[in-house]
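The values are calculated or read from the model by the stated rules, or taken from the named source; none is laboratory data. Being a predicted model, the structure only gives us computed values, none of them experimental. Don't worry about glycine lacking a Cβ; one is built from the backbone with ideal geometry, like all the others, and counts go over all protein chains shown. We work out accessible area using only protein heavy atoms, side chains counted, and drop any ligands, DNA or RNA first. Shrake-Rupley method; radii C 1.70, N 1.55, O 1.52, S 1.80 Å.
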Amino acid sequence: MSFDSSIKIAPSILAADFANFGAEIEAVEDQGADWIHVDVMDGHFVPNITFGPSTCAAIRPHVKTVMDVHLMIAPVDPYIEDFAKAGADVITAHVEAGPHIHRTLQAIRGAGCKAGLALNPGTPASAAAELLDLVDLICVMTVNPGFGGQKFIHSCVGKVTELRELIGDRDVHIEIDGGVDPTTAPLLAAAGADVLVAGSAVFRGGSVSNPAPYGANMKAIRDSII
Ligand code: DX5
Ligand code: ZN
């Protein structure tokens, strides 16, 4: 996985048909998805439960692009090896998930994956300041994690600008997660984000048997960014 700063759309399978992940991933990639975003929730760090490493391993053969695994779990460290073995390209952990995020990021890279650091809406950009040489991606949550389809929190846009400045010339992606659609995407791209996660704004109106809306929805997001 080489670094690429162009805008990438990462559909979140949280908004896909949970009974049909393999076909959903293939459909959305055929329609132009750049990465596949996989939301892992534990019912403890966030108030919702999705799935774990065995589901990630099962969907891996269907992902031709990048499998971007967002861990909304605490603790993180005992499970890093399992998600790496499941084939994650990127593993993102939350700074709020435990006292030793520095160690967690080292362990993610040590397991052969790109390391992502996620910041909740209530966490300032400065929380990433000491970690910039240990991360390949910073995920700015623009909703409180746990559910798709929530309202975008506009006050997080300034954090993206601050992070891009802190990152300087390092090869670090800024990913946005939550409420990305054609109205918010241009603000985020202008602030310096390059990976746009979108669940409801990509999957709405389509299905495996009618995937064209997935392509149209992603085109609408891309076209909103000039
Ligand atoms: C929220 C998840 C997101 C979610 C985004 O906790 O991390 O990835 O799926 O959903 P939308 O795009 O619908 O806000
Ligand atoms: Zn996510």
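Restrict the check to region 29-51 and report whether at least one residue is hydroxyl-bearing (Ser, Thr, Tyr) and closer than 20 Å to Gly149 by Cβ. Yes, some residue in region 29-51 is hydroxyl-bearing (Ser, Thr, Tyr) and closer than 20 Å to Gly149 by Cβ.
Given the condition in a loop (DSSP other than H, G, I, E, B) and either of a type in the set (Lys, Arg) or in contact with a Ser or Thr (Cβ under 8 Å, 6 or more places away or on another chain) (or both), answer yes or no: does some residue in region 2-16 qualify? Looking through region 2-16, none of the residues is in a loop (DSSP other than H, G, I, E, B) and either of a type in the set (Lys, Arg) or in contact with a Ser or Thr (Cβ under 8 Å, 6 or more places away or on another chain) (or both).
For region 119-155, a residue qualifies if it is buried (at least 23 other Cβ atoms within 10 Å of the Cβ) and within 12 Å of Ile176 (Cα to Cα), and the qualifying residues are Ile138, Cys139, Val140, Met141, Thr142. Just so you know, in region 62-73 the residues that are surrounded by 15 or more Cβ atoms within 10 Å (Cβ to Cβ) and not β-branched (Val, Ile, Thr) include one that is farthest from Gln31 (Cα to Cα), and it is Met72.
When you check Ile49 against the structure, is it of a type in the set (Val, Ile, Thr) and away from ligand 1 (no atom under 13 Å from the Cβ), yes or no? Answer is no for this residue. For the residues Val90, Val76, the requirement of being touching a Lys or Arg at 6+ places or on another chain (Cβ under 6 Å), open to solvent by less than 30 Å² (accessible area, probe 1.4 Å) and β-branched (Val, Ile, Thr) singles out Val90. Residues in region 156-206 that are more than 15 Å from the chain's Cα centre (by Cα) and either among the basic types (Lys, Arg) or within 16 Å of ligand 2 (Cβ to nearest atom) (or both) were compared, and the one that is surrounded by the fewest Cβ atoms within 10 Å (Cβ to Cβ) is Arg170. When Ala19, Ala57, Ala84 are screened for being farther than 26 Å from Ala193 by Cα, open to solvent by 10 Å² or more (accessible area, probe 1.4 Å), aliphatic (A, V, I, L, M) and in a helix (DSSP H, G or I), only Ala57 passes. Here Ala115 clears all of (1) open to solvent by 10 Å² or more (accessible area, probe 1.4 Å); (2) within 16 Å of ligand 2 (Cβ to nearest atom) except the condition numbered (1).
Selection over region 127-143 of residues that are in contact (Cβ under 8 Å) with a residue 40 or more places away in the chain and either more than 16 Å from ligand 2 (Cβ to nearest atom) or closer than 19 Å to Ile101 by Cβ (or both) gives a count of 5. Of all residue pairs spaced 6 or more apart or on separate chains, those with beta-carbon atoms under 8 Å, a first member in region 25-37 that is within 19 Å of Ile138 (Cβ to Cβ) and open to solvent by 20 Å² or more (accessible area, probe 1.4 Å) and a second member that is assigned to a loop (DSSP other than H, G, I, E, B) and away from ligand 2 (no atom under 15 Å from the Cβ) are Asp34/Thr65.
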